[in-house]
Amino acid sequence: MALIEIKVPSVGESVTEALLAQWFKKDGDAVRKDEPLFVLETDKVTLEVTAEAAGVLSVKVPDGTTVKVGTVVGAIDTISAAGAAEKKKLPRAPEPKPPVMEKPQVPAEAPAKAETREVPENLPPSVRRLVGEHRLDLSRIQGTGPGGRITKGDVLLYIEQAAQPAAPAAAAEPVCPPCESVKEEITRKPMTPIRRRIAERLLKARQNTAMLTTFNDIDMGSVIELRQRYKETFQKKHGVSLGFMSFFIKASVEALKAVPEINAFIDGADIVYPHFYHVGVAVGSERGLVVPVIRHADQLSFAQLEQAINAFVARIKDNRLTLADLEGGTFTITNGGVFGSLLSTPILNTPQSGILGMHRVDKRPVAINDQVVIRPMMYVALSYDHRIVDGRQAVTFLKHIKECIENPERIMMEI
């Protein structure tokens, strides 16, 4: 047989192992060339591994296994490809129903004959007549006559009491059975490599930086009006929608030029100032938060920025993101507003010194020229490393963002 081994590919020099998260095919299934076989998760990226040729799949390593780079996790038998089609299963014959056993009929019991009681002759005739007519048990009647003799009144009283409906018994208080202990279930799952990496980086940012956050609010009216005016033309010409993110990337680049410390980072005892602007855009996915980097964002147009964001989203969805897409960022923007966040304090993406948090747009009353008006407002937050960025610089940065978004012509003119 011609077997092609399926090995764990190398996805970067710093990555030595990965999690085989999910097989898309089962052992013995037919596969086509370039068809996705399984998902591989590393501490930085999730990607799909495809079939090198058509054939029949042989799975050697199950889901959920951590494997080294280069490990053989399966094979493809190319000779057996023609016979890999699934065979139709014949319908199973219906199982014979068990014979129904007729329940033997039990003859009804004959009604019991009424017991004949003898009435003592020493009783008065009237008493004996009543006892005989009603077939009473004299032992149940308490006599009140001389010597405890039963009188006609005793018999009549007994008959009257027997004719009255029995008083309902007091309802018994419900007895609560011993309450069964509620079964408290838990599910324990190992953290995926990406989730472990996210946890490590967030903890590192907390422990190794002097992080502080400052806030401002922005009137989004001008950008909203600009988008409404040109959205159809922009869509037809460039094939993508004009979103808020491209405006904030452009505004951030201008603000980073004005405050270069926020684009810098600390390396040992040195401060490194990059003379380029690689902006990371945080994107939430089912497997965790990833931050693909738009390189040289200062040299890209609005359309090119939107196209780059859309391309990253598609690659994340299809598990085609590479390590090169995630490395080298100098500044990060995260938009919690897409999930409805009103305000947050984003955590630094180390070793970067700044991260901008966008939030949802709400119509709120604001004072403009001593008049209270309703405007579409957004809170923005800048978290920064106080070791390298002072409060004055952080506030200046956010004010620059605010001015650029509220007056988008400044972005066009790069002023």
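The values are calculated or read from the model by the stated rules, or taken from the named source; none is laboratory data. Computed from a predicted structure; not experimentally measured. Neighbour counts are summed over all protein chains in view; Cβ atoms, including those assigned to glycine, are modelled from backbone coordinates with ideal geometry. Just so you know, the surface numbers come from the protein's heavy atoms only, side chains and all, with ligands and any DNA or RNA stripped out. Shrake-Rupley method; radii C 1.70, N 1.55, O 1.52, S 1.80 Å.
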statement: A chain fully extended from Glu232 to Ser139 at 0.36 nm per residue, minus the present Cα-Cα distance, gains in nm 22.9 nm
- request: Using only protein heavy atoms and a 1.4 Å probe, report how much of Leu138 is accessible, in Å² to the nearest 10.
  value: 40 Å²
message: How far apart, in nanometres, would the label points at Ser222 and Ile79 be if each is projected 7 angstrom from Cα along the Cα-to-Cβ direction?
response: 7.3 nm
- line: For the pair Thr345 and Glu160, the simple spin-label estimate (label points 7 Å beyond Cα toward Cβ) gives in nm 8.9 nm
field: J(HN,Hα) series, segment 343-354, from Karplus relation 6.51 cos²θ - 1.76 cosθ + 1.60, nearest Hz, glycine and proline x
entry: 7, 7, 10, x, 9, 4, 9, 4, x, 5, 9, x
Whether segment 281-402 is rounded, prolate or oblate, judged on the alpha carbon gyration tensor where a/c under 1.5 counts as rounded: prolate
message: Between segment 283-306 and segment 186-231, what is the separation of their alpha carbon centroids in Å?
response: 13 Å
field: Share of carbon and sulfur in the accessible heavy-atom surface of segment 218-363 [1.4 Å probe, %]
entry: 53 percent
query: Put Glu5, Glu403 in order of accessible area, largest first, 1.4 Å probe: what do you get?
result: Glu5, Glu403
message: Please compute the length gained on full extension between Val395 and Asp362, using 0.36 nm multiplied by the number of residues separating them and subtracting their Cα-Cα distance.
response: 9.6 nm
- prompt: Does anything in segment 264-294 have its amide N under 17 Å from the 7 Å Cα→Cβ label point of Ala258, and if so which residues?
  reply: 264
- request: Of the listed pairs Lys183/Lys317; Lys204/Lys231; Lys60/Lys189; Lys25/Lys231; Lys68/Lys204; Lys60/Lys317, which have alpha-carbon separations greater than 32 Å here?
  value: Lys183/Lys317; Lys204/Lys231; Lys25/Lys231
query: For the pair Asn208 and Asn369, what calculated FRET efficiency results from E = 1/(1 + (r/R0)^6), where r is the Cβ-Cβ distance and R0 = 56 Å, to the nearest 0.05?
result: 0.75
- prompt: Could you give the accessible area per residue of segment 314-415, probe 1.4 Å, as a whole number in Å²?
  reply: 50 Å²
- prompt: Each label point is 7 Å from the Cα along the Cα-to-Cβ direction; what then is the distance between the points at Glu52 and Glu286, in nm?
  reply: 2.8 nm
- request: Note down the accessible area of Tyr158, probe 1.4 Å, to the nearest 10 Å².
  value: 60 Å²
message: In whole Hz and in residue order, list the ³J(HN,Hα) couplings for segment 148-161 that follow from phi through the Karplus curve 6.51 cos²θ - 1.76 cosθ + 1.60, θ = phi - 60°; x for Gly and Pro.
response: x, 6, 7, 9, 4, x, 4, 5, 4, 5, 5, 5, 5, 5
